[in-house]
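In what follows, a single structure is set out as structure tokens and then discussed.
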Amino acid sequence: MIGLFIMDVSGSTAHGNTGEISQKLRQLESAINSWTQPLNRRYVNFRMGDELFFVCDSPGDMLMLAYYIKLSWPLKSQTLKFGLSIGESELPEADFEHWNAPIIKEARQALESIKTNDQVDLSLSAENASMINHVLFYYMTDILRQHTDIQREILLMSLSIPVQRELALEMDKSFSTVSTHLKKARSKQLDLIEQELIHYSSGINEAMRADIRQTLKDLYR
């Protein structure tokens, strides 16, 4: 089994900041290459100006990457859209640039199906994915779109500093402020969504997940 996503930036030319978007996607491509080193086979490519392609031989880790990338993206008016696919396919030995397989078309079709949908930002082509597509991804999209900048910042910091009193000290904020913002960010609900994705995929690489959680707060700085 392999997992694959094609990620697109919505409205990438609408705000005159294509250079900023390209810079953030290059940062993301570099981070993915670093995070996914524990995996056996993986490939990432930032291409076509506002699109990023990723594939690996671990469907669960592909889902984790999409989850955390979506969690961290800072441009609220230019959201990320993900077409994801999971299935049986052989990865090429070397030349990913010219690799063509049905699973790529499935991810592309999943992405196209939500490009004009203003209620959901992710779509998964896979077996038994109805609950993920019609509940989890809608709920996750709604939560993330309502985040303020400070809620997003505290949420990302909490991934590497889970004890709220320690987090408050690190961020020079009161415990009540940190607690309130995490509640408004619906961090517990996001944790449940993450656990459901892990359960669906039957396991992930914990070393990769730990590295992402430790470094995500600094990705776009």
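The values are calculated or read from the model by the stated rules, or taken from the named source; none is laboratory data. Just so we're clear, the structure is a prediction, and the values are computed from it rather than from any experiment. Methodologically, a virtual Cβ is constructed for each residue, glycine included, from the backbone with ideal geometry; neighbour enumeration extends over all protein chains shown. Areas reflect the complete protein model, heavy atoms only, side chains present, ligands, DNA and RNA absent. Shrake-Rupley method; radii C 1.70, N 1.55, O 1.52, S 1.80 Å.
Observations
- Mean sequence separation of contacting Cα pairs (under 8 Å, at least six apart), scaled by the length of the chain, corresponds to a relative contact order of 24 percent.
- Share of alpha-carbon pairs per 5 Å distance bin for the range 16-119, given as whole %: 2, 10, 21, 25, 22, 12, 5, 1, 0
- Relative contact order of the range 101-159: 24 percent, from C-alpha pairs under 8 Å at least 6 residues apart in sequence.
- Rounded tilt (10° steps) of 18-35 against the dominant C-alpha axis of the chain: 80 degrees
- Intensity falloff of the chain expressed as log10 I(q)/I(0), Debye formula with alpha-carbon point scatterers, at q = 0.08, 0.11 Å⁻¹: -0.27, -0.52
- Accessible surface of the range 101-221, 1.4 Å probe, proportion on carbon and sulfur as whole %: 49 percent
- The share of accessible area on the range 1-63 that comes from carbon and sulfur is 43 percent, using a 1.4 angstrom probe.
- Of V55, V120, V135, the one that fluctuates the most in a GNM where the chain has Cα springs shorter than 10 Å: V135
- Vicinal HN-Hα couplings computed from phi for the range 185-193 (Karplus, 6.51 cos²θ - 1.76 cosθ + 1.60; Hz; Gly/Pro x): 6, 6, 4, 5, 5, 5, 4, 5, 4
- In the structure shown, the pairs K81/K184; K76/K184; K70/K188; K76/K105 are assessed against 21 Å; a Cα-Cα span above that value is assigned to K81/K184; K76/K105.
- Relative contact order of the range 103-221, defined on C-alpha pairs under 8 angstrom at six or more residues apart (%): 22 percent
- Neighbour-limited loop hits for GluC sites (Glu not before Pro), the range 9-106 (at most 14 other Cβ within 10 Å; DSSP other than H, G, I, E, B): E88, E90, E93
- Directionally averaged projected area (the range 56-109, Cα convex hull): 4.6 nm².
- Think of a 1.4 Å ball rolled over the protein heavy atoms: the chain then has 48 Å² of accessible area per residue.
- Directionally averaged shadow of the range 1-42, computed from the convex hull of its alpha-carbon atoms, nm²: 3.6 nm²
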